[in-house]
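The values are calculated or read from the model by the stated rules, or taken from the named source; none is laboratory data. Just so we're clear, the structure is a prediction, and the values are computed from it rather than from any experiment. Neighbour counts run over all protein chains shown; Cβ positions are idealised from the backbone, glycine included. Ligands, DNA and RNA are excluded from the accessible area calculation, which covers all protein heavy atoms including side chains. Shrake-Rupley method; radii C 1.70, N 1.55, O 1.52, S 1.80 Å.
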Amino acid sequence: MGSIVEKALTPWAQRMKTRVNLPVRLSWGERGASSLSLGEFEEPQVEIRVRDSSALPLLIDPGLDTLGQAYVEGLIDVDGSMADILAVAHRLAENAQPENGLLGRLRRRFGHTRESDSKAIEYHYDVSNEFYAQWLDERMVYSCGYFENGDETLAEAQVKKIDHILTKIRLQPGQRLLDIGCGWGALVLRAAQKFGARCVGVTLSKNQHALATERVKAAGLEDHIEIRLQDYRDVQDGPFDRITSVGMFEHVGLNHLKSYFGHVRSLLKPDGWALNHGITSTDAQDGETRHGGGTFIDKYVFPQGELPHIGTVLRTMQEGGLEAFDIESLRRHYMRTTQLWSDNFEARTAQIKPLVDEKKWRIWRVYLAGCAWAFEHDEVSIYQVICRAAGQPAQGLPWSRKFIYAS
C-alpha cells in the first residue's frame, strides 16, 4: 500500500501545504512509518492515519461527507481533540472542489412515505435506550436545552426548556395536550405533573414507546398520559387545547410541511395554541449544510431528514392554516447542548463502545461534535414558533411577551 498512498497523496499534500498550511500529518504503513505534512509545524495538532488505500479518493477531494465516510468506515484513524479535528476537516473541505448534492436533495424531497419515514425513525432512535442514556440527561431529553443564564447543567437546561415551552403555550390544568414526537416522555410527564394537563404522546420509535410507557406507569400517571406508537398523521381524536412538536418536523420533508401544519391545525381547538420547535437551514433556499455535511448526515445519521429555512417554516405554517405570533431563535442554546452531549460521549467512551459496533460509535462521535460546530458557525439554526389557528380575532393575542417569563 505504501507506494500507492505516497504517489496519490504527495501532490495533494503539497497543494494543501501551499494553500492552507494546516498543522496536520498524514501517515501510513506500520506504526505510521511513512508520513507527509499539510503545513509547517513542530508538532501536529491532528494526525490522519491511512489504514486502507480505498480511503485515497475520499481524501484527495475532501468534503465533510467523504472525510466522515473514511472515518466511520474505518479507512482512516484520526488523532487530536475533536475541536482541532473539526477545524481541520472544515478547512480541507473549504479548499476542495464544489460539491454536487442536488441529486441527494431531490431523492429526499420526493422519497418520503409512511414506510420510509418509519424506517428512518427506527434507524436513528432505536439504537438502544441504554446508548442514549449514556450521554443524555437523566430524563433522556433529546432536543435543545434552554440555558436561561448560561451556567446551567444539562439536566437543569432540559427541565427549563420543557417549562419554557409549556409556559409559552399557556398550558392550564385539565387541558388536553398532544406531543408529536414525544421521545422518552419527558415533556408529557412534566406537563401532567407540574401543569395538571391530560396528555397524549406519539412516537414511531418502539424503544421510546416502551420506556416512555414504563415511566408513565412508574409515575402513577396512566390516567393522565397516553403514549402511542403512532404516526402523527393517524392521530384523529382531536381537538386538543395545546399541541407541541419538539425536534420532530425535521423528518417531515420539505414537500410535506404544508400538510403537516395543516394536520396540526385540524387537531387544534379554534382558540388553542401550538408550538413547533425544530432545526432549520440557514440557506434561504432550503439548501443543505455546506461542504457535504448534509450528505454525511443523510447517509449515516438521519436518513431523509430535510431542514427548511425559517422563512419556509413560516410560509408553510400559514399555508397550513396557522398564524405564527412568536418566534425565538435558540441557536446558541443548541450549540451548548450539543457540546455537552459530545463531551459526555467522549467521557463515556468505555461505557458506550460495548453497546454499539465500532462504525456506529464513530458515526455518533463525529455527528455530535459536528453538530456543535454547525450551530456555533451558523451552518444550521433552530427556532421555536408559537402559533394558533389563522383568522382569529386579534383580541386573542397577548399584548406582550411577559407571559413567557412570568414566574
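Go ahead and run the numbers for FRET between D231 and A210, Cβ-Cβ distance against an R0 of 25 Å, rounding to 0.05.
Computed FRET efficiency for D231 and A210 comes out at 0.90.
Describe numerically, in nm with one decimal, the distance between label points set 7 Å from Cα along Cα→Cβ at L397 and at E42.
Simple spin-label model gives 6.2 nm for this pair.
How far is helix 114-125 tilted, in degrees, relative to the longest principal axis of the Cα atoms in the chain, given as a value from 0 to 90 rounded to the nearest 10?
Between the helix axis and the principal axis of the chain, the angle is about 70 degrees.
Stokes-Einstein D for the stretch 247-309 at 25 °C, 0.890 mPa s, Kirkwood Rh over Cα pairs, in µm²/s?
189
When every alpha-carbon pair in the stretch 151-210 is counted, what percent end up more than 19 Å apart?
31
Does anyone have the angle between helix 257-267 and the longest principal axis of the chain? Alpha-carbon axes, 0 to 90°, nearest 10?
30
If F41, F131, F302 are ordered by their accessible area, calculated over protein heavy atoms with a 1.4 Å probe, which sequence runs from highest to lowest?
F41, F302, F131
Cα atoms only, the stretch 176-230: Rg and Dmax in Å?
According to the Cα coordinates of the stretch 176-230, Rg and Dmax are 9.5, 27 Å.
Taking 0.36 nm per intervening residue step and subtracting the Cα-Cα distance, what contour gain separates D77 from D357 on full extension?
Separation in residues times 0.36 nm, less the Cα-Cα distance, equals 99.2 nm.
Given only helices, namely DSSP H runs of n ≥ 4 each adding -39500 (n - 2.57), what is the per-residue ellipticity at 222 nm of the chain, to the nearest 500 deg cm²/dmol?
-13500 deg cm²/dmol
Could you calculate the contour length gain from A284 to K194, that is, 0.36 nm times the residue separation minus the distance between their Cα atoms, to one decimal place in nm?
28.5 nm
Taking all pairs of different Cα atoms in the stretch 258-356, averaging 1/r and flipping that mean, what Kirkwood radius in angstroms comes out?
16.3
Based on a Kirkwood Rh over C-alpha pairs, give the Stokes-Einstein translational diffusion coefficient of the chain at 20 °C and viscosity 1.002 mPa s in µm²/s.
Stokes-Einstein gives a translational diffusion coefficient of 95 µm²/s.
Peptides 8-18, 214-224, 185-195, 255-265: what's the order by average Cβ count within 10 Å, highest mean first?
In descending order of packing, they fall as 185-195, 255-265, 8-18, 214-224.
In degrees, nearest 10, range 0 to 90: what is the angle between the Cα axis of helix 206-218 and the longest Cα principal axis of the chain?
50
Length gain on complete extension for the stretch K217 to K269, per 0.36 nm per residue less the alpha carbon to alpha carbon distance?
Full-extension gain reported as 15.9 nm.
If packing is taken as the average count of other Cβ atoms within 10 Å, what order do 241-249, 331-339 fall into, highest mean first?
Final packing ranking: 241-249, 331-339.
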